[in-house]
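A.B. asks: Below is the structure I would like to discuss, written out as structure tokens.
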2 protein chains.
Amino acid sequence: MSDNSQAVLDHLRSIIGADLEQTNHLIREHLDSEVELIPTLGTHLIESGGKRLRPILTLLTSRMFGYQGTTHAKLAAVIEFIHTATLLHDDVVDKSNTRRGQATANSMWGNKAPVLVGDFLFSRSFQMLVEHGDLKVLEIVANTCAIISEGEVMQLVASNDLSTDERKYLEVVSSKTASLFAAASRIGGVVNGRSPAEVERLGHYGLQLGIAYQVVDDALDYSTTQEKLGKTIGDDFQEGKITLPVIHAYHNGSEEERQFWRDALEQGIQPEGSLARAIALVRQRGSLQYAMDRAREFVVAAKQALESLPPSPEKEALVLLADFSVDRSY
Amino acid sequence: MSDNSQAVLDHLRSIIGADLEQTNHLIREHLDSEVELIPTLGTHLIESGGKRLRPILTLLTSRMFGYQGTTHAKLAAVIEFIHTATLLHDDVVDKSNTRRGQATANSMWGNKAPVLVGDFLFSRSFQMLVEHGDLKVLEIVANTCAIISEGEVMQLVASNDLSTDERKYLEVVSSKTASLFAAASRIGGVVNGRSPAEVERLGHYGLQLGIAYQVVDDALDYSTTQEKLGKTIGDDFQEGKITLPVIHAYHNGSEEERQFWRDALEQGIQPEGSLARAIALVRQRGSLQYAMDRAREFVVAAKQALESLPPSPEKEALVLLADFSVDRSY
């Protein structure tokens with residue numbers, strides 16, 4: 001972790017550290033089931049060093065309007081559960097073997113258990129939301145879950161298909177990733193009974209932040225700096241995912257380069273050295289830079305969405321988080 | 001389909017035919033998504049000749065107390081969506097290739113799409129429940145989804161393990177199958193604002209019926225009569241599922257027979273002729289008969305749960321359905 005990342009996280013902890021601890025406590029508590037494999041597998045993923053970015057959004061947006069209750073921590077836990085469930089199902093889907101440098105659930109437990117434990121986490125989330133009893137929050141989460149699954153299916157249909165353009169890519173990213181950032185942010189407005197316009201602004205912040213975050217993630221998958229930090233790269237390439245760096249490199253490449261991309265991503269022809277060539281092309285064509293520039297534009301939009309909201313330490317932290325989403329090491 | 005089954009379905013149609021049509025209409029309507037693969041895959045499964053047994057329970061239990069509204073059809077559609085989602089995830093899990101004699105979703109679309117479309121159906125169900133706006137119904141469905149996933153994980157852990165006894169088997173069956181029958185039945189009481197005691201009776205009816213239904217299903221997987229009707233049998237055997245006929249045959253078998261079961265189900269050693277031998281043993285040891293007798297006991301309990309409820313054509317139909325659940329051809 002870079003010094004900068006550490007500073008951001010330390011700052012967050014100073015503002016909402018107690019809330020975050022409460023959220024982690026609720027996560028552990030609600031992972032409980034008499035069926036042992038559920039807490040075992042759930043804990044494996046949830047404790048594996050995720051940054052809790054999404055629940056942090058719920059905590060910050062709740063506190064920024066002076067929320068004095070305690071149920072926001074439960075809603076933050078729900079957001080992390082939904083995120084974890086989608087990871088479990090996404091791992092099954094992508095046949096990926098590592099995530100955050102650890103073995104993924106399905107490389108350790110096969111395909112069966114992660115699907116079912118993901119279902120448990122979805123269900124447990126809705127149980128917690130029913131307990132909370134706010135139909136508005138239930139509506140946000142149910143709608144978001146539908147959008148996420150639509151985004152995942154869209155991504156599936158678009159994979160191995162280089163006719164996917166930037167517009168389509170951003171549609172997928174908005175649905176499968178950014179919609180949960182948006183929901184996490186909107187919830188803070190809802191629990192404070194803020195106006196629909198303010199809730200929308202929070203949602204817009206979350207959406208733009210989520211897009212930036214995913215675009216950076218997709219860029220990092222082609223970054224040798226990442227590799228030097230000991231992170232796995234090249235997963236997207238291997239799976240034939242059509243991400244922004246690839247779309248840019250493909251459209252700006254020579255006919256010979258375009259043939260390389262088609263062979264590698266549409267046909268799955270990836271002889272030794274293919275990943276190295278892909279990384280070199282993405283760099284040569286300025287595609288990594290292009291993706292990072294686009295991400296920064298979304299960060300600007302995210303911060304703009306917050307402008308008219310009242311000042312507070314939490315709002316400052318949201319701005320910091322937005323900057324952090326592109327300044328992660330790459 | 002036997003003449004008897006046809007008579008039961010005709011009778012049901014005469015009572016709640018219009019409701020069932022409305023339910024089917026709502027199912028098709030809510031399967032809609034701009035992501036084409038979702039309605040394609042969803043329709044494939046939902047239109048593939050399922051009996052709509054679970055939504056029928058919601059329709060009958062709603063109407064038996066004189067319900068005059070129309071939202072029960074929407075709740076019935078939700079129940080069918082949840083059922084379909086669990087089938088999609090169960091198929092991925094079990095690597096089964098046929099269901100109801102048709103190709104399963106995952107044999108046609110791989111593992112990825114069925115998981116995600118299942119997630120969409122879960123999410124869409126909760127969207128519909130939020131629209132309906134009754135937290136009590138939301139609670140029933142959320143709790144049931146959690147129980148189903150726990151049951152599926154329990155089954156996973158118990159598979160290939162002949163130390164699974166009848167008690168454990170019934171716990172799995174209650175969770176993974178019967179809990180949705182119970183929920184479907186309770187909802188009818190809830191939408192009519194009936195007393196908790198009456199709702200519980202409906203739930204008990206559904207639970208016992210669901211257990212009977214699954215026990216019969218598991219018995220039919222070893223029935224040569226089924227095979228003559230053109231249905232696939234032997235799936236459970238091949239997957240090493242520990243079902244009631246097997247538990248009975250194993251515990252009542254000779255040491256040599258027990259070794260056969262251990263090899264076949266725990267080790268997966270199934271040379272040619274294994275299924276035929278399993279079927280013969282299940283018959284010789286009276287295990288098929290035992291399972292059917294047990295199922296009939298659950299049917300008796302299901303019908304008893306209804307006794308104190310006011311008489312109505314719908315109540316009679318529920319009794320008929322209970323008998324039908326064991327009188328399916330075997």
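A.B. asks: Taking region A:140-162, which residues are modelled with pLDDT of 95 or more and among the β-branched types (Val, Ile, Thr)?
C.D. replies: Residues satisfying the conditions are A:ILE140, A:VAL141, A:THR144, A:ILE147, A:ILE148.
A.B. asks: Go through region A:113-125 residue by residue and tally those that are facing chain B (nearest Cβ under 7 Å) and either within 14 Å of B:LEU116 (Cα to Cα) or in contact (Cβ under 8 Å) with a residue 60 or more places away in the chain (or both). Talk me through it step by step, then tell me what you get.
C.D. replies: So the first thing to find is which residues in region A:113-125 are facing chain B (nearest Cβ under 7 Å), and the list is A:113, A:115-117, A:119-120, A:122-124.
From what is left, the residues that are either within 14 Å of B:LEU116 (Cα to Cα) or in contact (Cβ under 8 Å) with a residue 60 or more places away in the chain (or both) are A:113, A:115-117, A:119-120, A:122, A:124.
Of the residues in region A:113-125, 8 are facing chain B (nearest Cβ under 7 Å) and either within 14 Å of B:LEU116 (Cα to Cα) or in contact (Cβ under 8 Å) with a residue 60 or more places away in the chain (or both).
A.B. asks: Would you please name the residue that is farthest from the chain's Cα centre (by Cα), looking only at residues in region A:303-319 that are loosely packed, with under 15 Cβ neighbours inside 10 Å and part of a helix (DSSP H, G or I)?
C.D. replies: Here the answer is A:PRO313.
A.B. asks: Counting just the residues of region B:20-42 that are in a helix (DSSP H, G or I) and within 14 Å of another protein chain (Cβ to nearest Cβ), which one comes out surrounded by the fewest Cβ atoms within 10 Å (Cβ to Cβ)?
C.D. replies: Here is the first cut: in region B:20-42, the residues in a helix (DSSP H, G or I) are B:20-30, B:37-42.
Okay, now just the ones that are also within 14 Å of another protein chain (Cβ to nearest Cβ), so B:30, B:37-42.
On the way: B:HIS30: 20, B:LEU37: 18, B:ILE38: 23, B:PRO39: 18, B:THR40: 14, B:LEU41: 24, B:GLY42: 27.
Of everything passing the filter in region B:20-42, B:THR40 is surrounded by the fewest Cβ atoms within 10 Å (Cβ to Cβ).
A.B. asks: Looking at the structure I just gave you, is B:ARG283 part of a helix (DSSP H, G or I), modelled with pLDDT of 95 or more, buried (at least 17 other Cβ atoms within 10 Å of the Cβ) and not hydrophobic (A, V, I, L, M, F, W, C)? Can you show your working first?
C.D. replies: Values: part of a helix (DSSP H, G or I): yes; modelled with pLDDT of 95 or more: yes; buried (at least 17 other Cβ atoms within 10 Å of the Cβ): no; not hydrophobic (A, V, I, L, M, F, W, C): yes.
No.
A.B. asks: Scan region B:209-240 for residues that are surrounded by 23 or more Cβ atoms within 10 Å (Cβ to Cβ) and among the polar types (S, T, N, Q) and jot them down.
C.D. replies: B:GLN214
A.B. asks: Right, another one. I'm checking my understanding of the structure. Among residues of region B:1-16 that are surrounded by 12 or more Cβ atoms within 10 Å (Cβ to Cβ) and modelled with pLDDT of 85 or more, which one is farthest from the other protein chains (Cβ to nearest Cβ)?
C.D. replies: Here the residue is B:HIS11.
A.B. asks: Still on this structure, please answer the following. Does region A:132-143 hold any residues that are facing chain B (nearest Cβ under 9 Å) and crowded, with 22+ Cβ neighbours inside 10 Å, and which are they?
C.D. replies: Listed by number, the residues that qualify are A:LEU138, A:VAL141, A:ALA142.
A.B. asks: Another question, then. State all residues of region B:39-73 that are modelled with pLDDT of 95 or more and among the hydroxyl-bearing types (Ser, Thr, Tyr); if no residue qualifies, say none.
C.D. replies: Hits for region B:39-73 are B:THR58, B:THR61, B:SER62.
A.B. asks: Which ones in region A:243-260 are polar (S, T, N, Q) and either touching a His at 6+ places or on another chain (Cβ under 7 Å) or under 9 Å from A:ARG285 (Cα atoms) (or both)? Working first, answer last.
C.D. replies: Applying the first criterion (polar (S, T, N, Q)) to region A:243-260 yields A:243, A:252, A:254, A:259.
If the condition is that a residue be polar (S, T, N, Q) and either touching a His at 6+ places or on another chain (Cβ under 7 Å) or under 9 Å from A:ARG285 (Cα atoms) (or both), then A:ASN252 is the only one that fits.
A.B. asks: Restrict the check to region B:121-135 and report whether at least one residue is charged (D, E, K, R) and modelled with pLDDT under 95. Steps first, answer last, please.
C.D. replies: Within region B:121-135, the subset charged (D, E, K, R) is B:124, B:131, B:134.
With modelled with pLDDT under 95 added as a condition, the list becomes none.
The answer is no; no qualifying residue exists.
A.B. asks: Would you please list the contacts, defined by Cβ atoms under 7 Å and residues six or more apart or on different chains, that run from a residue in region A:165-187 that is surrounded by 24 or more Cβ atoms within 10 Å (Cβ to Cβ) to a residue that is of a type in the set (Lys, Arg)?
C.D. replies: Within 7 Å, the pairs are A:LEU180/A:ARG54; A:PHE181/A:ARG54; A:ALA184/A:ARG54.
A.B. asks: Taking B:MET128, is it within 9 Å of chain A (Cβ to nearest Cβ) and touching a residue at least 40 places away in the same chain (Cβ under 8 Å)?
C.D. replies: Values: within 9 Å of chain A (Cβ to nearest Cβ): yes; touching a residue at least 40 places away in the same chain (Cβ under 8 Å): yes.
Here the answer is yes, as B:MET128 does meet what is asked.
A.B. asks: Could you check how many residues of region A:266-280 are among the hydrophobic types (A, V, I, L, M, F, W, C), surrounded by 13 or more Cβ atoms within 10 Å (Cβ to Cβ) and farther than 15 Å from A:TYR250 by Cβ?
C.D. replies: 1
A.B. asks: Scan region B:74-84 and tell me whether some residue there is modelled with pLDDT under 90, buried (at least 24 other Cβ atoms within 10 Å of the Cβ) and farther than 17 Å from B:VAL190 by Cβ. Talk me through it step by step, then tell me what you get.
C.D. replies: Initially, region B:74-84 is screened for residues modelled with pLDDT under 90, giving none.
Taking every residue of region B:74-84 in turn, none turns out to be modelled with pLDDT under 90, buried (at least 24 other Cβ atoms within 10 Å of the Cβ) and farther than 17 Å from B:VAL190 by Cβ.
A.B. asks: Filter the helices (runs of 4 or more DSSP H) completely within region B:161-277 down to those with at least 1 residues that are touching a helix residue (DSSP H, G or I) at 6+ places or on another chain (Cβ under 8 Å) and farther than 30 Å from B:LYS74 by Cβ. Let's see the steps before the verdict.
C.D. replies: Numbers: elements: B:166-173, B:179-191, B:196-220, B:224-228, B:235-239, B:244-251, B:255-261.
Filter on region B:161-277 gives B:166-173, B:196-220, B:224-228, B:235-239, B:244-251, B:255-261.
A.B. asks: What is the residue count in region A:145-163 for residues that are surrounded by 23 or more Cβ atoms within 10 Å (Cβ to Cβ), touching a residue at least 40 places away in the same chain (Cβ under 8 Å) and either more than 8 Å from chain B (Cβ to nearest Cβ) or of a type outside the set (A, V, I, L, M) (or both)?
C.D. replies: The qualifying residues number 3.
A.B. asks: Spot the failing condition for B:TYR205; the list is (1) under 30 Å from B:ASP236 (Cα atoms); (2) touching a residue at least 24 places away in the same chain (Cβ under 8 Å); (3) surrounded by fewer than 24 Cβ atoms within 10 Å (Cβ to Cβ), and only one is missed.
C.D. replies: (3)
The values are calculated or read from the model by the stated rules, or taken from the named source; none is laboratory data. Only a predicted model underlies this, so the values are computations on that prediction, with no experimental measurement involved. Backbone-built Cβ (ideal geometry, glycine too); neighbour counts: all protein chains shown.
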